[in-house]
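Chemist: Let me begin by handing over the structure; questions about it come next.
Every read-out reported here was derived from the displayed coordinates using simple, explicitly stated rules and does not represent laboratory data. Quantities reported herein were computed from a predicted structural model and do not represent experimental measurements. Cβ coordinates were reconstructed from backbone atoms using ideal geometry, including for glycine residues, and neighbour counts include every protein chain displayed.
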Amino acid sequence: MKKPITLIIADDHPVFRKGLFVLIEADPSIVLLGEAGNGEAALSLIEEKKPDVALLDIAMPQMTGLQVAKIVQERGLPVKLAILTMNADEELFNEAMDLGVIGYILKENAVGDVMNSIQAVAQGQYYISPSISGLLFKRSQKKQNALQKTPELADLTPTELRILKLIAGNKTSKEIAVDFCISPKTVENHRANIADKLKLRGNNALLRFALEHKSLL
């Protein structure tokens, strides 16, 4: 018999969360390990219960779904993430993808999409609500164009690309450290590795590169 998918859900609206619970409870292939009403509680559940999948609202008190995803990525926690959201904002979508999120579900389509997304995400497959699937194609095209123009970017890890994007936004190492929940020294190490991979030399070379290629990041 196939092992059931273990899941936690996090959303700050109790009625919506209850609706998800009813949907999930009716499916014997999924076991709900817990639910949370804020991001901090969601992260605690992920660390404690070690679910296969975590379904996170993008906008929660104490910690957003994306902030939870950042910590999950930084700590290397073995959970696959899906985000629930009210809107199809392209910038937020791209940020979620950069953080390793592989499910992105519009709340207006939740009843039809949630169960399909859990099954797909548990297998490591992307699941994007069909009405916004164009964002994934657009993202893919943008990445391909970026690599054609600057092939050296392909050598950077997802974390390094995110740091380079923040550098392009004039973020200091201290600000980036807060954003990633790491030390400024670790950020400096990342910056040195990025500059080395891009063969950049000089105090401001990395900042200049980031600003010149901002539209590709």
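Chemist: Rounded to the nearest 500, what is the 222 nm mean residue ellipticity of the chain from helices alone, with -39500 (n - 2.57) per DSSP H run of 4+ residues and division by all residues?
Modeler: -16000 deg cm²/dmol
Chemist: Pick the calculated P(r) over Cα pairs in 10 Å bins from 0, in percent for this structure from [x] 8, 32, 32, 20, 8, 1, 0; [y] 8, 33, 35, 17, 5, 1, 0, 0; [z] 8, 35, 38, 15, 3, 0?
Modeler: The calculated read-out lines up with [x].
Chemist: Could you calculate, for segment 1-105, the ratio of the Cα radius of gyration to the Kirkwood radius, expressed as Rg to Rh? Mind showing how you got there, number by number?
Modeler: Numbers: Rg = 12.9 Å, Rh = 13.7 Å.
Using Cα coordinates only, the ratio equals 0.95.
Chemist: Still on this structure, I have one more. Quick one: grab Rg to one decimal and Dmax as a whole number for segment 150-216, Cα atoms only, in Å.
Modeler: For segment 150-216, the Cα radius of gyration and maximum Cα-Cα distance read 10.9, 30 Å.
Chemist: If you build a Gaussian network model of the chain, linking Cα atoms that sit under 10 Å apart, which residue out of Val15, Val79, Val68 swings the most?
Modeler: Taking springs between Cα atoms under 10 Å, the residue moving most is Val15.
Chemist: Springs between alpha-carbon pairs under 10 angstrom, Gaussian network model over the chain: which of Gly202, Gly34, Gly169 fluctuates most?
Modeler: Among Gly202, Gly34, Gly169, the largest GNM mean-square fluctuation belongs to Gly202.
Chemist: Now a separate question. Pairs of alpha-carbon atoms within less than 8 angstrom and 6+ residues apart define the contacts here; what relative contact order does the chain have, in percent? Walk me through the intermediate numbers first.
Modeler: Working: 305 pairs, mean separation 30.1, N = 217.
This gives 14 percent for the chain.
Chemist: Please identify, among Pro158, Pro130, Pro28, the residue showing maximal mean-square fluctuation in a Gaussian network model of the chain using a 10 angstrom Cα cutoff.
Modeler: Per the Cα network of the chain with a 10 Å cutoff, Pro28 tops the list.
Chemist: List the pairs from Lys174/Lys214; Lys70/Lys185; Lys171/Lys199; Lys2/Lys70 whose alpha-carbon separation is above 24 Å, in the order I gave them.
Modeler: Check vs 24 Å cut-off fails for Lys2/Lys70.
Chemist: At a Förster distance of 45 Å, what's the computed FRET efficiency of Asp179 paired with Val15, Cβ-Cβ distance as r, to 0.05?
Modeler: 0.90
Chemist: Sticking with this one: Taking the beta-carbon count within 10 Å as an exposure proxy, list Met97, Met115, Met60 from fewest neighbours to most.
Modeler: Met115, Met97, Met60
Chemist: In percent, how large is the relative contact order of segment 82-122, given Cα pairs closer than 8 Å and 6 or more residues apart?
Modeler: Reported as a whole number, the value is 49 percent.
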